[in-house]
Amino acid sequence: MEAAPSRTAALAAVARGLIRMEATPPWVLDDPFALVLVGPAWQELHDKVTPLFPTNVARETFAAICTRSRYAEDRLAAGAFTQYVILGAGLDSFAWRRPDLLRSVRVFEVDHPASQAWKLERVSDLALPLSDSHVFVPIDFEAEVLGDALCTAGFDRGQPALFSWTGVAPYLTAPAIESTLRTVAEAAAGSEVVFSYRAEEPELDDVGREFIRIYAPLAASLGEPLQPGWPVIEIERLISRSGLKVVDHPSRADLQERYFAGRTDGLRPYNVETLVTARVT
């Protein structure tokens, strides 16, 4: 099997799985499928990458990766959406973790053809169920148009949708981010996009700066280099220019209050990525 998921997508899945092993409940995200989807290679990835980071940096990184998925899924559950589009789906396991939501929404997993083929082989090996409400959309973003690929796969532009686009924009240029947001803006009124972007350097605390110092060269060596961070006002201007309206832009303190209040172990998400929700008006 030559094709494989992006290394950063596999690392994100390992993080979602490890939080269940290394943090005390309640977990911000309970993903029992993460490590089995990666397969036996998860241990190798863990052993190679985790020791590169101080313990506190690794903990906050794992917490942030779980938080961004939880945040998107909470927006989905709270809204009146009939479609859920996961852009850069990687090894996301939403369709198997949340069968309650799968009954009322159609899920479109969008990813690179090679990554998606690898994932589908893993799904087959694990005998995970598939349904008509769970659609895989392979797309080469450099050669194909996202909107066209979605419509070909059965996406209905007349029905409200939530787009989840986390962990991707930190690797993209401003024109690439704007292009995707403009595609979202073509969806039905009331549709939303949840995405995460890299915070600008002055906003980072010691953990954030240490993460970037270690991770930036690692991501570059994997062929997925990070792009510079964004000031809040500039990302909101880009969102507005793309035809969308910001409806939620939580700070790390907001996320701590929502998802980590009352914990006695000090677990919190790092502040390298910032989450934002924008709506089609």
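The values are calculated or read from the model by the stated rules, or taken from the named source; none is laboratory data. Treat the numbers as computed from the prediction; the structure is a model and nothing was measured. As a convention, Cβ positions derive from the backbone with ideal geometry for all residues, glycine included, and neighbour counts pool all protein chains shown.
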query = Between residues in region 119-130 that are over 14 Å from residue 95 (Cα atoms) and in contact (Cβ under 8 Å) with a residue 24 or more places away in the chain and residues that are among the aliphatic types (A, V, I, L, M) and surrounded by fewer than 13 Cβ atoms within 10 Å (Cβ to Cβ), which pairs lie under 7 Å by C-beta distance while being six or more apart or on different chains?
reply = 121/1
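If I filter region 230-277 down to residues being among the hydrophobic types (A, V, I, L, M, F, W, C) and out of contact with any strand residue (DSSP E or B) (no Cβ under 9 Å at 6 or more places or on another chain), which single residue comes out as farthest from residue 199 (Cα to Cα)? So that I can check it myself, show each step before the final result.
So in region 230-277, the residues among the hydrophobic types (A, V, I, L, M, F, W, C) come out as 230, 232-233, 235, 238-239, 244, 246-247, 253, 255, 260-261, 267, 272, 275-276.
Next, only the ones that are out of contact with any strand residue (DSSP E or B) (no Cβ under 9 Å at 6 or more places or on another chain) stay: 233, 253, 260-261, 267.
Numbers: 233: 11, 253: 14, 260: 21, 261: 23, 267: 20 Å.
Per the stated criteria, the residue is 261.
How many residues are among the β-branched types (Val, Ile, Thr) and in contact with a helix residue (DSSP H, G or I) (Cβ under 7 Å, 6 or more places away or on another chain) if we restrict to region 111-146?
2
Take residue 89 and decide whether it is within 21 Å of residue 32 (Cβ to Cβ), assigned to a loop (DSSP other than H, G, I, E, B) and out of contact with any helix residue (DSSP H, G or I) (no Cβ under 6 Å at 6 or more places or on another chain).
yes
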key: helices (runs of 4 or more DSSP H) wholly inside region 101-184 that include at least 3 residues being within 25 Å of residue 34 (Cα to Cα) and among the aliphatic types (A, V, I, L, M)   = 113-125
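Which members of region 187-198 meet the condition of being surrounded by 13 or more Cβ atoms within 10 Å (Cβ to Cβ) and farther than 22 Å from residue 67 by Cα? Step through it out loud before you land on a result.
Let us first name the residues in region 187-198 that are surrounded by 13 or more Cβ atoms within 10 Å (Cβ to Cβ), namely 187-188, 190-198.
Passing the criteria: 187, 188, 190.
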key: Answer residue from region 199-224, given it is surrounded by fewer than 22 Cβ atoms within 10 Å (Cβ to Cβ) and under 17 Å from residue 235 (Cβ atoms) and is farthest from the chain's Cα centre (by Cα) among those   = 202
note = Note on residue 204: of the conditions (1) modelled with pLDDT of 95 or more; (2) of a type outside the set (Ser, Thr, Tyr); (3) more than 30 Å from residue 54 (Cα to Cα), unmet is (3)
Qualifying residue in region 240-261 (condition: touching a Leu at 6+ places or on another chain (Cβ under 9 Å), surrounded by fewer than 15 Cβ atoms within 10 Å (Cβ to Cβ) and either aliphatic (A, V, I, L, M) or part of a strand (DSSP E or B) (or both)) = yes
